[in-house]
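What follows is calculated from the coordinates using simple rules that are stated; it is not laboratory data. Keep in mind that this is a model prediction, so the values were computed, not measured.
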Amino acid sequence: MITTEHGTPELVINRFFSQQVITCDLTRMSIIMIVDDEASILQSLKIMLSNDGHTVHTASSGKEALEVLQSLKFGINILITDVIMPQMNGYILAKNVLNETPELPIIFISGFNSIRELNELINTHDHITYLQKPFGIEEIKAKITELQ
């Protein structure tokens, strides 16, 4: 680890002993919980965000997410959740999580472009946002950066 001229820590990795150097701003790394009932989306996001240096926990339902979050003592920095899921939808999950950590940034993701329940949360909380599926990895990275 080195410190930049601005005093922020960076991790420099010499990848595969080549000349390619990758730097990660350690002040931007987060502990992220991703919740989605679509396994392909869950795994893709986990891989891409882990590769960016984030610690990523996953769950395939709201109920499972609450169990994981309780075991982590709600020690995450960002929640990314699908909205429409069986057992417990993302809206109910978010309401439960906000009871424990009211300022936790939340990114709702969904294939539906208008979900009435979410409008209340999004319009009354600066740290809650929405991203419509399908989205690119750069879009979700930008949302994460915006909420950090």
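Taken along its principal axes, the alpha carbon cloud of region 30-147 reaches lengths of 33, 31, 27 Å, longest axis first. Residues whose amide H lies under 5 Å from that of I109, counting only those 5 or more places away or on a different chain, are T81, D82, V83, L131; hydrogens are built 1.01 Å from N in the peptide plane. Straight-line cross-link reach from K141 at under 20 Å between alpha-carbon atoms covers these lysines, not counting any fewer than eight positions away in the same chain: K46, K133.
The alpha-carbon of K63 sits under 14 angstrom from the alpha-carbons of these aspartates and glutamates, leaving out residues fewer than 8 places away in its chain: D36, D37, D82.
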